[in-house]
1. Please go through region 176-200 and pick out each residue that is under 23 Å from the mean Cα position of the chain (by Cα) and either surrounded by fewer than 19 Cβ atoms within 10 Å (Cβ to Cβ) or part of a loop (DSSP other than H, G, I, E, B) (or both).
2. Find the residue count for region 230-272, including only residues that are at negative phi and either among the small types (Gly, Ala, Ser) or without any contact (Cβ under 8 Å) to a residue 40 or more places away in the chain (or both).
3. Report yes if residue 116 is buried (at least 16 other Cβ atoms within 10 Å of the Cβ) and at pLDDT 95 or above, otherwise no.
4. Condition (residue is assigned to a helix (DSSP H, G or I) and buried (at least 21 other Cβ atoms within 10 Å of the Cβ)) applied to region 95-103: is it met by at least one residue?
5. Applying the selection to region 329-361, what residues are over 18 Å from the mean Cα position of the chain (by Cα) and β-branched (Val, Ile, Thr)?
6. Of all residues in region 222-279, count the ones that are part of a loop (DSSP other than H, G, I, E, B) and either more than 24 Å from residue 334 (Cβ to Cβ) or not polar (S, T, N, Q) (or both).
7. From 164, 173, grab the single residue that is crowded, with 17+ Cβ neighbours inside 10 Å and not in a strand (DSSP E or B).
8. Residue 204 passes all but one of (1) touching a Lys or Arg at 6+ places or on another chain (Cβ under 7 Å); (2) assigned to a helix (DSSP H, G or I); (3) more than 13 Å from residue 320 (Cα to Cα); which number fails?
Amino acid sequence: MTTPCIALLGRKDEPTDAVEEYCRYLAAALQAHDIQLEIRRVPWEINGWPEALHGLRLQATQWRNTWVLVQYTALAWSARGFPQKVLSALNILKAAGARLGIVFHDVEPYPGTRLIDSIRRFLQVRTMRHALALVDLAIFTVPPEKLSWLPVALPRVAFIPVGPNLPVPLVPPEHSALNSVPTIGVFSITGGESGIRETQIILDAVRHATQKLGRLRLCIFGRHAELRENELREGLRDLPVELSVEGVIESIKVVQKLSLCDVLLFVRGPISSRRSSAIAGIACGLPVIAYNGAETAAPITDAGVVLVSPDHPDDLKDALVHVLSEAAYRRELAVLSRAAHQTHFAWPAIATRFSALLNTR
């Protein structure tokens, strides 16, 4: 018999919604476990909060004893990252007799040095702690022991990493031979000031690599990539680099592009098991070069990931040269990524862990 389950989302992110994609891939994988995951939203950004919560209250009358997995990011429940309204949604669901779960895609409060940032951080932590007290199950996308605010030894807490949000094969390609022109992949760039910094890091690394290795290909695609094209072309002018830049593309094209790369360069902050754009490279069997950070832990460290410190810029440059120039080392990393994908990050593995939790609580 098929068990119904609801994934409840806040407002839709544009131009792509990674949380919705996550839910769609999870829903497809859960079918093998006879769990029917249906995506619903609380469209407060369209209808306003009173009407959105009224609509949720009406829907929730049908969800008694049904698992409802609320998907949490601060910006999904508030335009400016003050997400207290998610507690209203949780209280409505609890009053309706739903079995309550929450999936934390944002696992830490937002950084910043302004007074408003401190207030936002305080409210985000308070909201997440209150949410924990309301739910029957909390799922974190990084190991709970890595979090700064989480109380220890909570019985209703589990860890499940995110998947690649891509139609990747269960067994990724082997990447046994280097392309005739060594190819560096970059999947998405952060917007705003962070994107400017990331672009400079990419340029510095590629310039250094051309000095050591000669001709290279740099393939950058995904969210915000097209915004940095002029800066990238100017920065690589007169260097032996074939540059390809595209913005948001179809998921199958992402897989095709990643599969043609020799290494993924991930500089969108420290790598962790909630970073789907980094996990995309692992899922495609690639070595990954990334920054170490507070959230970096197994199983991401079980993959073929070369960790470098963000405080030592030369380490990333040297790691890129090492991966592209040492065939045995590159193959070893690729093998580790393939194994980690199948064991930890493939959607069947993720769905199995979800099924075990939902069927035993």
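1. 188, 189, 190, 191, 192, 193, 194, 196, 197, 200
2. Count: 24.
3. no
4. Step one: filter region 95-103 for residues assigned to a helix (DSSP H, G or I), giving 95.
Right, trim to buried (at least 21 other Cβ atoms within 10 Å of the Cβ) and you get none.
So far as region 95-103 goes, no, none of its residues is assigned to a helix (DSSP H, G or I) and buried (at least 21 other Cβ atoms within 10 Å of the Cβ).
5. 335, 352, 360
6. Final tally of qualifying residues: 23.
7. 164
8. That leaves (3) as the condition not met.
The values are calculated or read from the model by the stated rules, or taken from the named source; none is laboratory data. Keep in mind the model is a prediction, meaning the values are calculated, not measured. All Cβ positions, even for glycine, are placed from backbone atoms using ideal geometry, and neighbour counts span all protein chains on display.
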